[in-house]
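Participant: Have a look at this one.
All of the numbers you see were taken from the coordinates with simple rules; none came from a lab. Predicted model only: the values in this text are computed from it and were never measured. Methodologically, a virtual Cβ is constructed for each residue, glycine included, from the backbone with ideal geometry; neighbour enumeration extends over all protein chains shown.
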Amino acid sequence: MIDKVTRVGLLYDFYGELLTAHQRQVLEMYYFDDWSLSEVAEAVGVSRQAVHDNVKRSEEQLEHYESILHLYDSNEGTKAAVKDLLAAWNRARQFVSREAAIEVETALQVLRQRFE
């Protein structure tokens, strides 16, 4: 299981654009810039409690989007499938022609780049 900060960051990568500009600003300061609630509050001109509420609400929204769209979970499943495919290819590579191996290697390189 990944920690909360990592999960919020990953969900933000998928769904951050669905948040308001203010929510994005506060989350970025708090999670990515590692500011305290008080520092964020001072920077945006609201109370510490307002920042806390904003962060909590934004986290809940990100989780809600994931519960509906499953983009993060789908991406993780695809990464696992690519990993399995690479392992299978490593076992089977010796049994195919050089030309076929080059084609497969080219396709696998595209997948590696996409999911790394």
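Participant: Based on Cβ point charges of +1 for Lys and Arg and -1 for Asp and Glu, what charge dipole magnitude is obtained for the chain about its Cα centre, in debye rounded to the nearest 20? Spell out each step's value before the answer.
Facilitator: Values: 13 positive and 20 negative charges, 97 e Å.
That gives the chain a dipole magnitude of about 460 debye.
Participant: Here's another thing I want to ask about it. Using θ = phi - 60° and the Karplus curve 6.51 cos²θ - 1.76 cosθ + 1.60, what whole-Hz ³J(HN,Hα) does each residue of the stretch 59-65 get, with Gly and Pro shown as x?
Facilitator: Using θ = phi - 60°, the values come out as 4, 5, 5, 4, 5, 5, 4 Hz.
Participant: Here is a follow-up. Distance between Cα centroids, the stretch 14-54 to the stretch 62-110: provide it in whole Å.
Facilitator: Measuring centre to centre over Cα atoms gives 36 Å.
Participant: Right, here's the next one. Scan (1) 0.97; (2) 1.53; (3) 1.47 for the value of Cα Rg over 2.2 N^0.38 Å calculated from this model and give just the label.
Facilitator: Recomputing Cα Rg over 2.2 N^0.38 Å here picks out (2).
Participant: Here is a further query. Enumerate the calculated ³J(HN,Hα) couplings along the stretch 104-112 in order (Karplus 6.51 cos²θ - 1.76 cosθ + 1.60, θ = phi - 60°), each rounded to whole Hz, writing x wherever the residue is Gly or Pro.
Facilitator: Listing the rounded values in order: 5, 4, 5, 5, 5, 4, 4, 5, 4 Hz.
Participant: Using the Karplus equation 6.51 cos²θ - 1.76 cosθ + 1.60 (θ = phi - 60°), what ³J(HN,Hα) coupling, rounded to whole Hz, does each residue of the stretch 39-48 give in order, writing x for Gly and Pro?
Facilitator: 5, 5, 4, 5, 5, 9, x, 10, 6, 4
Participant: Kindly rank 66-76, 24-34 from highest to lowest mean number of other beta carbons found within 10 Å of each residue.
Facilitator: Details: 66-76: 13.1, 24-34: 16.7.
Going from most to least packed, we get 24-34, 66-76.
Participant: Hey, what number do you get for the chain at 222 nm if only DSSP H runs of n ≥ 4 count, each worth -39500 (n - 2.57), divided across all residues, to the nearest 500? Write out the running numbers ahead of the final one.
Facilitator: Numbers: 6 runs with 89 residues, N = 116.
Roughly -25000 deg cm²/dmol at 222 nm, from the helical runs in the chain.
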